[in-house]
Amino acid sequence: MEENEQAKILMHQKRRRQHKIKLGVMSLLLLVLSGVLIITYFMLSKNEYNKYTEDAKVDYKVKLKENDFYEEEYLTENNNLIASLIDNIETSFKYNLNLENDQEYTYNYKIIARTKVTEGTNTNSIYETSEELVSKEAVVANSKNLEISENITINYNDYNEKINKFINLYHLNNTTSTLDLELYVYVTNQYDGQQINKENKVVTLSIPLTTKTVDISIEANVIQNEGEILSKRSEYENITYVLWVGIALAVLGLIIFARFIKYILDTRSAETMYDQQLKMILFNYKNYIQKTNDEIRKDDYKIIQINTFDEILGLRDTIQAPILMHTEENEDRTEFMIIKDGILYTYILGAKEIRQRLRAESAIRKEKQGKRKSNE
């Protein structure tokens with residue numbers, strides 16, 4: 001009988017493990033499947049992009065008037081120049097856009113000469129004019145590389161005299177005058193109509209005016225950028241249902257996983273306590289217990305519920321009747337009984353009952369804590 005009872009307990013434990021495995025495997029499969037669907041959606045709906053780099057630069061050299069001091073006809077960069085010796089300034093603007101793959105685009109550009117006069121430390125101009133020196137109409141291209149190169153010769157004296165005339169006419173003092181040569185480039189992706197380069201003004205050459213010496217400089221807004229542009233939209237833009245199915249499966253998987261965790265937490269302590277108490281009773285009092293596989297017909301008896309095993313053990317000593325033990329096969333539940341004079345004395349040891357008692361005790365503790373907090 002004892003071996004048969006132990007086998008039943010092991011069978012119950014096996015069923016609990018199977019239920020845990022079932023919940024765990026179901027939640028894992030749903031989460032994996034949802035992950036596959038979500039990843040598949042993002043992979044199929046992903047657009048293709050074309051990476052690019054761009055850079056611009058400007059070089060210049062200054063042609064000198066005939067003079068008795070300089071043997072060179074031209075002076076190049078990084079030289080302080082006497083303004084009265086400048087004949088003209090020859091500039092070379094370059095812009096490069098390099099794509100990773102061939103792409104169809106349109107481009108156009110222009111070079112503007114902007115003269116401005118500011119007073120003191122004020123950054124706002126008191127006089128400003130602009131002149132379009134080069135204007136390139138839009139051109140369609142399909143290649144990896146775009147190269148723009150423009151050479152412009154600037155008559156420095158024309159700009160210098162014009163600004164000098166303005167300053168002398170209005171008796172201005174403490175002014176700063178410059179001639180800015182600015183290259184603007186516009187490159188548009190033919191596929192989606194978006195502009196590729198983020199900055200239109202790609203390089204500026206700044207030339208001082210109305211000074212005895214000239215220090216020509218290239219401003220810091222020389223472009224050196226990188227990025228990516230749309231080259232092909234996904235053919236699977238209308239498969240958002242795959243994403244929603246994946247999300248739904250993920251939610252369902254998380255719900256089942258939560259049930260799995262809850263089942264473990266709910267059953268772990270009650271089952272452990274049940275197993276421990278049952279083993280302790282069988283180990284200490286097996287000589288007083290008779291096991292039965294047949295369920296007692298309780299309708300034939302008056303039933304008196306006993307609260308603890310110690311009470312039913314004491315009753316057994318009083319009325320000198322054996323303790324019967326019956327374990328239910330489908331639950332962690334064992335019933336200890338004494339039958340005497342048409343009365344059935346019963347004590348139930350079960351995981352369900354232990355769980356209910358633990359929850360009731362937990363509820364009482366929470367209620368006491370709530371009352372304690374409200375009193376504080």
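The values are calculated or read from the model by the stated rules, or taken from the named source; none is laboratory data. Remember, it's a predicted structure, so these values are computed and weren't measured experimentally. Neighbour counts run over all protein chains shown; Cβ positions are idealised from the backbone, glycine included. SASA here: full protein model, heavy atoms, side chains in, ligands and nucleic acids out. Shrake-Rupley method; radii C 1.70, N 1.55, O 1.52, S 1.80 Å.
In the stretch 190-200, what residues are open to solvent by less than 90 Å² (accessible area, probe 1.4 Å) and either in a loop (DSSP other than H, G, I, E, B) or touching a Leu at 6+ places or on another chain (Cβ under 7 Å) (or both)?
Result: GLN190, ASP192, GLY193, ILE196, ASN197, ASN200.
Collect the residues in the stretch 109-138 that are in contact (Cβ under 8 Å) with a residue 24 or more places away in the chain, open to solvent by 50 Å² or more (accessible area, probe 1.4 Å) and farther than 12 Å from SER177 by Cα, keeping them in residue-number order.
Matches in the stretch 109-138: LYS110, LEU133, SER135, LYS136, GLU137, ALA138.
LEU254 is checked against (1) more than 18 Å from VAL32 (Cα to Cα); (2) in contact (Cβ under 8 Å) with a residue 12 or more places away in the chain and fails just one. What number does that condition carry?
(1)
Would you check if there is a residue in the stretch 284-304 being under 60 Å from the mean Cα position of the chain (by Cα), within 30 Å of HIS19 (Cα to Cα) and not basic (Lys, Arg)?
Among the residues of the stretch 284-304, not one is under 60 Å from the mean Cα position of the chain (by Cα), within 30 Å of HIS19 (Cα to Cα) and not basic (Lys, Arg), which makes the answer no.
Mind checking which residues of the stretch 22-58 are basic (Lys, Arg) and touching a residue at least 24 places away in the same chain (Cβ under 8 Å)?
Hits for the stretch 22-58 are LYS46, LYS51, LYS57.
Pairs, please: C-beta under 7 Å, at least 6 apart or cross-chain, first residue free of Cβ contacts under 8 Å to residues at least 60 places away in the same chain and under 14 Å from VAL214 (Cβ atoms) and in the stretch 156-178, second surrounded by fewer than 10 Cβ atoms within 10 Å (Cβ to Cβ) and among the hydrophobic types (A, V, I, L, M, F, W, C)?
Taking only residues 6 or more apart or on different chains, not a single pair turns up.
Which residues, taken from the stretch 166-189, are out of contact with any Ser or Thr (no Cβ under 6 Å at 6 or more places or on another chain) and open to solvent by 30 Å² or more (accessible area, probe 1.4 Å)?
The answer is PHE166, ASN168, LEU169, TYR170, HIS171, LEU172, ASN173, ASN174, THR175, TYR184, TYR186.
When both residues are 6+ apart or on different chains and their Cβ atoms are under 7 Å apart, which pairs have a first residue that lies in the stretch 327-352 and is closer than 11 Å to LEU315 by Cα, and a second that is of a type in the set (S, T, N, Q) and surrounded by 14 or more Cβ atoms within 10 Å (Cβ to Cβ)?
Filtered contacts from the stretch 327-352: MET337/THR346.
As an exercise: evaluate GLN320 against (1) farther than 23 Å from LYS352 by Cα; (2) open to solvent by 100 Å² or more (accessible area, probe 1.4 Å); (3) touching a strand residue (DSSP E or B) at 6+ places or on another chain (Cβ under 7 Å) and give the number of the one condition it does not meet.
Failing condition for GLN320: (3).
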